[in-house]
1. Taking amide hydrogens as modeled 1.01 Å from N in the peptide plane, which residues meet the under 5 Å criterion relative to Lys73, leaving out close sequence neighbours?
2. One quarter of the convex hull surface, Cα atoms only: what value does that give for the chain in nm²?
3. Of Met241, Met209, Met66, which is the most mobile in a GNM of the chain whose springs link Cα atoms less than 10 angstrom apart?
4. For the range 125-146 and the range 188-213, what is the centre-to-centre distance using only Cα atoms, to the nearest Å?
5. List the extent of the Cα atoms of the range 153-236 along each of their three principal axes, largest first, rounded to whole Å.
6. Treat every Asp and Glu Cβ in the range 217-280 as -1 and every Lys and Arg Cβ as +1, leave all other atoms uncharged, and give the resulting dipole magnitude about the Cα centre to the nearest 20 debye.
7. Given the rule -39500 (n - 2.57) for each run of at least 4 DSSP H residues, summed and divided by the residues of the chain, what is its mean residue ellipticity at 222 nm, to the nearest 500 deg cm²/dmol?
8. How many angstrom separate the Cα center of the range 79-119 from the Cα center of the range 216-283?
Amino acid sequence: MLLKVKWLPRLSKTNEVDMVSMISNLAYVNPNAVLGENVIIEPFAYIAGNVTIDDGTWVGPHGVVMEGARIGKNCRIFPDAVISGIPQDLKFRGEETIVEIGDNTTIREGATVNRGTAAVGKTVIGENCLIMACAHIGHDCQIGNNCIIGNAAGLAGEVRVDDWAILSGGALVHQFSRIGGHVIIGGGGKVRIDVPPFIKADREPLAYMGVNVVGLTRRGFTKERIEEIHNIYRAIYQNGMNTSKALEFVEKNFKPSPDRDYIIEFFRNSERGVIRGPRLLKE
């Protein structure tokens, strides 16, 4: 027996007729869920209570949005994605936590985003991100804006990913690690410790493989700015100094700038240590 799909208008809180969301009669939307204007919920999607979905967002067939989700404007949730699932953390005791997803973010098929625990209270994905198919975002992760998490990549709990970072398909990130802004990590890369900003990281074990020149150029970095970043990393990875002396050298020999200061701050605040250069891995 075939079921005919009917699109049911759902009035906004203001009850204005021109501010509606379209919900398939074959979807389940909890009456306590708050939907903005022009939200579309496709057949067989599931929207729990204590959920907020902002204007223009689309939830595809079989998309699941569970308790605690806060989804921004113009997002796309593809089939079989699960947003705000209970954390896979044995310390979780049912505390009320959330997931925040920024505007214009896409969650592709089969991806999972777990909500936070008492440790942080929320999992955050920024604006304009792409979470590709079958990726996993663990509890309390903090992902910045304009990030790409590749197919089947996995982030353990409390991972921090700064703006514009790219994790290629199959990358795995250890709990508590930090990945700097504008980084690109090669496919299948195993991130056990922190990865500093502006670089390419690949090999096994993961190592510094140079500055992400292509990515920085695409984002409007000038040649002079990229060259300064190159020179800073030459001092850190290729001058034969230990990290503390290399950072002192950078402070003394490079003028203060947002890029220089970001790199220094990243190294000095790293709690897990930072990846090494490829020539140092044999030591």
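Readers should treat all values here as calculations from the given coordinates under stated rules, not as data from a laboratory. Just so it is clear, the model here is predicted, and its values are computed rather than measured. With ideal geometry, Cβ positions are generated from the backbone for all residues, glycine too; neighbour counts draw on all protein chains shown.
1. It is Asp103, Asn104, by chain and number.
2. Details: hull surface 71.1 nm².
Mean projected area for the chain: 17.8 nm², to one decimal.
3. Checking each option, the largest mean-square fluctuation is seen for Met241.
4. 19 Å
5. Taking the Cα atoms of the range 153-236, the three principal extents are 37, 23, 20 Å.
6. Numbers: 13 positive and 9 negative charges, 50 e Å.
The dipole of the range 217-280 has a size of about 240 debye.
7. Numbers: 4 runs with 44 residues, N = 283.
Rounded to the nearest 500, the figure is -4500 deg cm²/dmol.
8. 34 Å
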